[in-house]
1. In what order do 70, 133 fall by count of nearby beta-carbon atoms within 10 Å, going from fewest to most?
2. How do 233-242, 30-39 rank on mean C-beta neighbours within 10 Å, highest first?
3. Can you bin the range 181-306 into rounded, prolate or oblate? Criterion: square roots of the alpha carbon gyration tensor eigenvalues sorted a ≥ b ≥ c, rounded for a/c under 1.5, prolate for a/b above b/c, oblate for the rest.
4. Give me the one-decimal nm value for the distance between modelled label points at residue 245 and residue 156, 7 Å along each residue's Cα-to-Cβ direction.
5. How high is the FRET efficiency between residue 287 and residue 326 when r is their beta carbon distance and R₀ equals 25 Å, given to the nearest 0.05?
6. What's the FRET efficiency of residue 269 with residue 86 using the Cβ-Cβ distance as r and R₀ = 45 Å, to the nearest 0.05?
7. Considering only the other residues whose Cβ falls under 13 Å of the Cβ of residue 28, what net charge follows from Lys and Arg at +1 and Asp and Glu at -1?
8. With 10 angstrom as the radius, rank 23, 93, 207, 214 by how many other C-beta atoms surround their C-beta, starting from the fewest.
Amino acid sequence: MIDLRSDTITKPTENMRLAAYHSNVGDDVYGEDPTVNKLEEQAAEMLGKEAALFVTSGTQGNQIAALTHCNPGDEVILEASAHIYLYEAAAFSALAGVQSRPINGYRGAMDPEEVKSAIRSEDIHFPVTSLICLENTHNKAGGAILPLENMQAIYQIAKDRNISVHLDGARLFNASVASGVTLKEYGQNADSVQFCLSKGLGAPVGSIIAGNKSFIDEARKWRKRLGGGLRQAGIIAAPALVALEENVERLTIDHENAQYLADEIANIKGVKVENKVETNILLVNVKGTGHDAVSFIDVLKKENILAVPFGPDTIRFVTNYEVTRENTKTAIARINGVL
Ligand code: TLP
C-alpha cells in the first residue's frame, strides 16, 4: 500500500520508540515532566519566542490560540480556505465564540490591503477584530509557502491596529526547509505560532504553540480547561524531541518526491497537477479521466494507492517519510496502468 493521504500517517521510528521507552517523566500538570519542559524550551528557542506549550494536536493548538487571543463576539480575519475555517469543525464559533471573516487568497496568501480594509472600525454594529490567522504552508493551496514579505506586511498592519496574529504553521518546518527562511524569521511575524510534530516530522502525537510568556501562561490555563492537561506526557514528548533532532532536514526528500510525482503526472493523459509544487503536497485534477475525485480514489485504492478527495474533481497526494522514491515510481506506474 502506498499511502499518500497525508503526512499524518507516519509511524514513529525506532529511535522515537526507544526515546519514549527511556523517557524521564513527571506530572506535567504540575510542570514536573522534564521531557515536556525540554521540548517546550527547545521549541520556543527554535521559533524565537519566550515560551511554548505542548498540546495534543494542531487543532487544539489553533483553538487555544483563539481562546487566548479573543473574546466571544470578536471577529477573526483568515484566508477563505484556511484549515481553521474549513477543517476544524467550526471550533472557532463552537468554542471561542468568534466569527470568522474569510478573505480569498492567492496561493493561500491574503492581499494585505484586503486584510487592512476588513479590519472593523469602531461602530456599535460591528464586532471587534481581535485576530488575524495565517497558514504556512497552506494546505488547501497545495502546500504553498506564504512569502515572508506577505507575512511581514500583514503583521505590520495588525500591529498598527493593535490586533494579534496567529500562525497556523502545521507544516512550518516544510516551509522553512524549502524556502530557506528561518523559523525565527517566520516567528517574528506572528504573536503565536502553532506547529505540528505529528505530520512530516513524524512524531506520533502533538503540536506546539509558542508566544510570549503571558500568552503561554493563559494558553496553559485554556489547555487545562479543554482537558488537555496531560500527566506523564514525556512519553510522547520524547519522540517529538527525536523528530526535531532527526527529521527536519530530511523533509527535502519529501519535497523532491512530491516534485517527482508532479513531473511524472504531467506526462499522463487525463490527470493534471493543479498547484505549483513547493513542498510535500500535490493537488491532482482527475476530471479528464471521466471520474470524479471520490470514484478515482476508489480506482487508486484497488491499485493499493491511497489519497484523499480535496474538491469535486481534485485529489490530494502528500509525500512523507513512509514514501520512498521507489514507492513514487511504483505509484506512477500503477496510475499509468489504469489510465
Ligand atoms: N490537516 C490534516 C487534515 O485535517 C486535513 C491533513 O491531513 O492535512 N492546520 C493545518 C494546516 C493542517 O493541515 C492540519 C491537519 C491542522 C492544522 C490540524 O492538525 P491536527 O490534525 O493535529 O489537529
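Derivation of every value follows stated rules applied to the coordinates shown; laboratory data play no part. Predicted model only: the values in this text are computed from it and were never measured. Cβ atoms come from the backbone with ideal geometry, glycine included; neighbour counts cover every protein chain shown.
1. Working: 70 23, 133 27.
Neighbour counts put them in this order, fewest first: 70, 133.
2. Values: 233-242: 25.6, 30-39: 18.7.
Top of the packing list down: 233-242, 30-39.
3. Numbers: a/c = 2.38, a/b = 2.05, b/c = 1.16.
In terms of gyration-tensor shape, prolate.
4. 4.1
5. On the way: r = 29 Å, r/R0 = 1.17.
Plugging the Cβ-Cβ distance into 1/(1 + (r/R0)^6) gives 0.30.
6. On the way: r = 31 Å, r/R0 = 0.69.
Using R0 = 45 Å, I get an efficiency of 0.90.
7. Working: positive: 38, 220, 223, 224, 231; negative: 27, 32, 33, 40.
With Lys, Arg at +1 and Asp, Glu at -1, the neighbours total +1.
8. Details: 23 20, 93 14, 207 27, 214 11.
Taking fewest neighbouring Cβ atoms as first place, the list is 214, 93, 23, 207.
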